[in-house]
Amino acid sequence: MPPVFAHGRLRLYLLKLLDEAPRHGYEVIRLLEERFQGLYAPSAGTVYPRLAKLEAEGLVTHATEGGRKVYSITEAGRAELADRGGELADLELEIRDSVSELAAEMRDDVRGAAGDLRREMRAAAAATASDTRVEDETWRLAKEELRRARQEWKEQARRAKDESRRAREEAQQARRQAKEAQDRAREEVQRIASQLQEQFTKSGVREGLSDFTDKIGNLAGVWLGSTATHDGAKARAAESGWAEDLNPTADPARDLDRLLDRFRDEVRDAARDHGVTAAQLEEIRADLATAAARITTTVRAPR
């Protein structure tokens, strides 16, 4: 029988189950068995070591309730789950295929058993040819057994088909939602960056470029996946010498336009390469609002 989960896939699926709700190990095993319609159930020796490894990596944590360890996903676990959203959609399709393969193997087993049963029936019939009553009873029992086997196979095939269809629909929906979220985030960042550029171009800003550079470095850090605090991101931006390759001219307004162009290009590249989640978009929106407020105050201050 081929493996139900490819390498690393069970680990990802455990994070998905714990993201839905905190669970103890036995509940995780039961949920996997239900998902596979009883065709597959992982052993405790498969699930518990992987939960322990996830905890050692800081992706899950546990609390003891009623003598049992109840595992919960951490923020780091949720971040990995979000980064691997595409893999999760593919995993749903792989599970569907695994269910279909398991059902096919069961069907083959049922057919093989039915063939063995027929052969045994014929042998029994030949051995008891002189006793018509025994022969009739043997055939009746054999037909009943074959009928039950066929009925069981049909039920398993129906459940596998339903599960396969549901997994395919969920995977398609997950891909669609991920693309929509990424498109919305990209449009929102482009809109905010355009507004900032238009505002400062019209105002003819001559001051406050250093403060604005700090804010731009902070926002670029957010788009590149930073999880540090605002002050930490600002310090890193200053240390990295962001945009220092843009030599100043005699026109600060032109220099500001160049900084805005650099910022917009970096944000677009980061969004295209790494994508953006809804939570990241909200954090970015707050940072942009803070930057806009500080820079607007600088622009309006008496000169």
Residue that is surrounded by the most Cβ atoms within 10 Å (Cβ to Cβ) [pool: residues in the stretch 32-44 that are within 26 Å of GLU152 (Cβ to Cβ) and of a type in the set (Gly, Ala, Ser)] = ALA41
Cβ-Cβ below 8 Å, separation at least six or inter-chain, first residue in the stretch 82-102 and over 14 Å from LYS179 (Cα atoms) and buried (at least 20 other Cβ atoms within 10 Å of the Cβ), second modelled with pLDDT under 75 and among the polar types (S, T, N, Q): which pairs?
-> ARG96/SER164; VAL99/SER164
Tally time: how many residues in the stretch 271-303 are β-branched (Val, Ile, Thr) and more than 23 Å from ASP183 (Cα to Cα)?
-> 6
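Any residue that is assigned to a helix (DSSP H, G or I), within 30 Å of ALA292 (Cβ to Cβ) and either modelled with pLDDT under 80 or within 22 Å of the chain's Cα centre (by Cα) (or both) - is there at least one of those in the stretch 124-141?
No - not one qualifying residue is present in the stretch 124-141.
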All positions within the stretch 1-40 that are in a loop (DSSP other than H, G, I, E, B), of a type in the set (Gly, Ala, Ser) and modelled with pLDDT of 80 or more | ALA21
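Within the stretch 250-270, is there a residue that is of a type outside the set (D, E, K, R), open to solvent by less than 80 Å² (accessible area, probe 1.4 Å), closer than 23 Å to ARG176 by Cα and at pLDDT 85 or above?
yes
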Please specify each residue of the stretch 66-75 satisfying the condition of being touching a residue at least 12 places away in the same chain (Cβ under 8 Å) and open to solvent by 50 Å² or more (accessible area, probe 1.4 Å).
-> ARG68, LYS69
Does ILE73 satisfy the criteria of being closer than 23 Å to ALA160 by Cβ and of a type in the set (Val, Ile, Thr)?
-> no
If you scan the stretch 45-62, which residues turn out to be open to solvent by 50 Å² or more (accessible area, probe 1.4 Å), closer than 16 Å to TYR26 by Cα, free of Cβ contacts under 8 Å to residues at least 40 places away in the same chain and part of a helix (DSSP H, G or I)?
-> GLY45, TYR48, PRO49, ALA52
Answer from ARG150, ARG168, ARG140 - the residue that is touching a residue at least 40 places away in the same chain (Cβ under 8 Å), surrounded by fewer than 16 Cβ atoms within 10 Å (Cβ to Cβ) and over 30 Å from HIS274 (Cα atoms) = ARG150
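The values are calculated or read from the model by the stated rules, or taken from the named source; none is laboratory data. What you see is a predicted model; the values in this text were computed from it and never measured. A quick note on method: Cβ atoms are made from the backbone with ideal geometry, for glycine too, and the neighbour counts reach across all protein chains shown. For the accessible areas, the whole protein counts, side chains as well, though only heavy atoms, and no ligand, DNA or RNA atoms are used. Shrake-Rupley method; radii C 1.70, N 1.55, O 1.52, S 1.80 Å.
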